[in-house]
1. Below 8 Å between Cα atoms, with a sequence gap of 6+, how large is the relative contact order for the chain in percent?
2. Which one, Q131, S112, L57, projects farthest toward the positive side of the charge dipole computed for the chain from Cβ point charges (K/R +1, D/E -1)?
3. Listed highest first by mean packing, meaning other Cβ atoms within 10 Å per residue, what order do 99-106, 83-90, 16-23, 3-10 come in?
4. How much length is gained if the chain between K100 and L129 is pulled fully straight, taking 0.36 nm per residue apart and subtracting their Cα-Cα distance, in nm to one decimal?
5. Put a dot 7 Å past each Cα toward the Cβ at A56 and L86; how far apart are the dots in nm?
6. Quote the charge dipole size of the chain about the Cα centre in Debye, to the nearest 20; the model charges only the Cβ of Lys and Arg (+1) and of Asp and Glu (-1).
7. Compute the length gained on full extension between I27 and V74: take 0.36 nm times their separation in residues and subtract their Cα-Cα distance, giving the result in nm to one decimal.
8. Along each of the three principal axes of the Cα atoms of the chain, give the extent in whole Å, ordering the values from largest to smallest.
Amino acid sequence: MNKRQRDLLVFGYGLGVIALVFAAGGIIKHGPGWPQVVLLACAAVFFPVTIFCPRALGPGYRGWMRVAHGIGAVVTTIILTLVFYLVFTPVALFLRLIRKDHLERRFDPSASTYWHTRPQGERPAEDYLRQF
């Protein structure tokens with residue numbers, strides 16, 4: 001089974017299960033009504049179509065993926081912006097306040113080099129395994 005066919009099956013079965021879950025929740029909470037009937041009808045359509053002709057789900061799947069990518073781009077931008085301003089900015093301001101420079105970026109005119117010497121000698125073989 002190729003990836004495209006697997007994606008269509010997941011899409012079809014997923015929509016069918018979601019429709020069933022929402023229909024069951026609506027029936028339990030509000031009793032039977034027209035929204036629950038519509039959701040059950042959607043599930044009754046999605047399962048057979050997914051089983052017998054999953055290629056018919058292709059246009060709906062492509063449209064859904066376009067919408068999902070758009071939503072993902074917006075949500076990712078919002079989350080990254082919040083993380084930057086709520087996590088990294090306070091940490092950076094605090095480090096500037098205490099004058100801590102973890103990258104050692106300050107210029108030292110009396111230094112002959114900025115290289116850090118490593119200890120010489122034989123290194124154990126374990127140091128060469130799983131380097132990252």
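Just so you know, all these numbers are worked out from the coordinates, no wet-lab data involved. Note that the structure is a prediction, hence the values are computed from the model and not measured. Every residue, glycine as well, gets a Cβ built from its backbone with ideal geometry; the counts of neighbours run over all protein chains shown.
1. Worked out over the chain, it gives 21 percent.
2. Of the listed residues, the answer is L57.
3. In decreasing order of mean packing, 99-106, 83-90, 16-23, 3-10 become 16-23, 3-10, 83-90, 99-106.
4. Working: separation 29, 0.36 × 29 = 10.44 nm, distance 3.29 nm.
Using 0.36 nm per residue and subtracting the Cα-Cα distance, I get 7.1 nm.
5. It works out to 4.5 nm between the two label points.
6. Approximately 320 debye in magnitude.
7. 13.5 nm
8. 81, 41, 28
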